[in-house]
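Presented below is the structure to which this report refers.
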């Protein structure tokens, strides 16, 4: 009901691009916190939080990229006469 197969491939959808841009923004914010927390504020807790934010957001970014490529390949195969599930 909520999933329509007639849409364009997942990497081109607006919500997917928004998620990817938010992950990139999170990585940049994490790196900024890591650098500022270590050099400017000299607070190891802020530096640690920034490091983990960047690492986790980077991992989620690559996960969503992998998920989009897999879905695009599946939709491409269905369009070329591939099997349907």
Checked pairs for the range 14-43, first under 24 Å from residue 68 (Cα atoms), second part of a helix (DSSP H, G or I) and at pLDDT below 90, C-beta under 8 Å and 6 or more apart or across chains, list as 16/10; 16/68; 17/11
Residue check: is residue 68 out of contact with any strand residue (DSSP E or B) (no Cβ under 8 Å at 6 or more places or on another chain), surrounded by 12 or more Cβ atoms within 10 Å (Cβ to Cβ), under 28 Å from residue 10 (Cα atoms) and in contact (Cβ under 8 Å) with a residue 12 or more places away in the chain? yes
For the range 37-50, which residues satisfy the criterion of being over 25 Å from residue 18 (Cβ atoms) and in a helix (DSSP H, G or I)? 37, 38, 39, 40, 44, 45, 46, 47, 48
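The values are calculated or read from the model by the stated rules, or taken from the named source; none is laboratory data. Note that the coordinates shown come from a computational prediction; the quantities given were computed from them, not determined experimentally. No Cβ is skipped: glycine too gets one built from the backbone with ideal geometry, and neighbour counts run over all protein chains shown.
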